[in-house]
Amino acid sequence: MGGYPSNEKSVAAPCAIIRPGRTNHPEEHSVTARILDGNAFRDQIYAELALEIAALSSAGIRPGLAAVLVGDNAASHLYVKSKMAACQKLGLESFLLTPAATISTAELLAVVDELNRRDDVDGILVQMPLPKQVDSKKILDAVHPDKDVDGFHPINVGHLVAGRPALVACTPSGVMEILRRGGIAIEGANAVVLGRSDIVGKPMALLLMHANATVTVCHSKTKNLPDVVRRADIVVAAMGRAAMVTRDYIRPGAAVIDVGQNVITDRAEAERIFASFPDKLETFAKKGSVLVGDVHPDVAGVAGAFTPVPGGVGPLTIAMLMSNTVKAARQRRANATGAAAARH
Ligand code: NDP
């Protein structure tokens, strides 16, 4: 990752400044941590991408992203809609393919193959989850590695492991942007990644290791989890467990990045998690649901810096998808120009 200068001037002190900020009244919550504002970082990235897109445009290139959205999953529709809207905002070409939920693996492979061949398509994303009858692994492996803007293809994963240039999974890339742009010192830091999935935990750990952090990866079998996490200067939480990381997990002053996105629909659970957050309870009362990360919001009273949910990691994931699409366009078309020049 990288390629974007960190905007050191616009950030406050790094998380080495310790502000414990505990309160004597359990019913009150205090926010002493610096908020790492994902929307602001996304806007910085979009401004930088706009310059790159303008330069490509004057060379006659308009990067294009194709999204394959199978079936009627409501959440998938929402995610893809946001991705298409981001393309439009930045002036990227976008193509939406919506095969029926009954599609077979062979038919979907043919759709991907066609997109691999199209010269106006630089990036391909196949929105997960796919229907049960479709072999998801086969589909993801069929996306050409040069167009694999989600960074899921084994070739891109292998390049990441080896520290070679690659298209890297968007969410962990976004976390690295937050850390760099947020002025969090990574080199030499103890980083703990909670979760070891292929799309978040593993690439996250590799990116942090390549940036010279000392990385510990935790999972559901890790013993003494709070003790392990308490050693961290940087915590990245990606377990899909609502508000699991509480204050007692966090070393005062640590930077806490919350990847989790959990929709709470149970009133008792909402009341337990948000006992001292009336605005969140009000949201729940209005909408019947409320979003919470994997980190309890009380952690803001002990961390040095943290990402809110919503408005933290989420906006960066789409920004990195846009960034990967522009990068894929630049690289693929440069390769094509080089090959054409070599033929003459
Ligand atoms: P997965 O379910 O694929 O992986 C969860 C990981 O967390 C597993 O490695 C699992 O361990 C570990 N885990 C589960 N429970 C515990 C526990 N009690 N203690 C320690 N580790 C545990 O999830 P994803 O990686 O896909 O997503 C993680 C979270 O990030 C979700 O909330 C998801 O919604 C969110 N997300 C947010 C994105 C964004 O843009 N903001 C994008 C992608 C995901 P084990 O391997 O042992 O099972």
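For this structure, a couple of remarks:
Every residue, every condition in (1) modelled with pLDDT of 95 or more; (2) surrounded by 14 or more Cβ atoms within 10 Å (Cβ to Cβ); (3) assigned by TED's automatic domain parsing to the domain that holds Pro252, yes or no:
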| position | (1), (2), (3) |
| --- | --- |
| Met1 | no, yes, no |
| Tyr4 | no, yes, no |
| Ile17 | no, no, yes |
| Gly21 | no, yes, yes |
| Gly64 | yes, yes, no |
| Leu96 | yes, yes, no |
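- Considering residues of the range 225-248 that are part of a loop (DSSP other than H, G, I, E, B) and touching a Cys at 6+ places or on another chain (Cβ under 9 Å) only, the residue farthest from Pro310 (Cα to Cα): Asp233
- If you check Asp135, Asp141, Asp148 for being of a type in the set (Asp, Glu), over 25 Å from Val256 (Cα atoms) and crowded, with 18+ Cβ neighbours inside 10 Å, only one passes: Asp148.
- On the stretch given as the range 118-132, residues that are surrounded by 15 or more Cβ atoms within 10 Å (Cβ to Cβ) and closer than 13 Å to Leu69 by Cβ total 7.
- Within the range 196-213, the set of residues being assigned to a loop (DSSP other than H, G, I, E, B) and either farther than 21 Å from Arg164 by Cα or within 10 Å of the ligand (Cβ to nearest atom) (or both) comprises Arg196, Ser197, Asp198, Ile199, Val200.
One line per residue, one yes/no per condition, for (1) free of Cβ contacts under 8 Å to residues at least 60 places away in the same chain; (2) under 28 Å from Ala47 (Cβ atoms); (3) in contact with a helix residue (DSSP H, G or I) (Cβ under 7 Å, 6 or more places away or on another chain):
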residue	(1), (2), (3)
Pro278	yes, no, no
Thr283	yes, no, no
Gly293	yes, yes, no
Ala305	no, yes, no
Pro310	yes, yes, no
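- Filtered by the rule that a residue be exposed (fewer than 13 other Cβ atoms within 10 Å of the Cβ) and aliphatic (A, V, I, L, M), the range 66-94 gives Ala74, Ala75, Leu78, Ala85.
- Count - residues of the range 151-181 that are more than 16 Å from the ligand (Cβ to nearest atom) and closer than 14 Å to Val256 by Cα: 1
- Flag for Thr317 being within 14 Å of the ligand (Cβ to nearest atom) and buried (at least 21 other Cβ atoms within 10 Å of the Cβ): yes
- The number of residues in the range 214-270 that are within 9 Å of the ligand (Cβ to nearest atom), over 21 Å from Pro297 (Cβ atoms) and polar (S, T, N, Q) comes to 2.
- Leading residue by the ranking (nearest to His144 (Cα to Cα)) among those in the range 163-190 that are in a helix (DSSP H, G or I) and out of contact with any Phe, Trp or Tyr (no Cβ under 8 Å at 6 or more places or on another chain): Cys170
- Residue in the range 181-203 that is crowded, with 20+ Cβ neighbours inside 10 Å and among the basic types (Lys, Arg) present: yes
- Those residues of the range 288-314 which are surrounded by fewer than 24 Cβ atoms within 10 Å (Cβ to Cβ), assigned to a helix (DSSP H, G or I) and within 11 Å of the ligand (Cβ to nearest atom), in sequence order: Gly314
- Among residues of the range 277-287 being surrounded by 16 or more Cβ atoms within 10 Å (Cβ to Cβ) and not aliphatic (A, V, I, L, M), the one that is farthest from Arg34 (Cα to Cα) is Phe284.
- Residue selected from the range 258-269 under the condition under 24 Å from Gly38 (Cα atoms) and of a type outside the set (D, E, K, R), by the criterion surrounded by the fewest Cβ atoms within 10 Å (Cβ to Cβ): Val263
The values are calculated or read from the model by the stated rules, or taken from the named source; none is laboratory data. As the structure is a computational prediction, the values presented were derived from the model and not from experiment. Note that each Cβ is placed from the backbone with ideal geometry, even for glycine, and that neighbours are counted across all protein chains shown.
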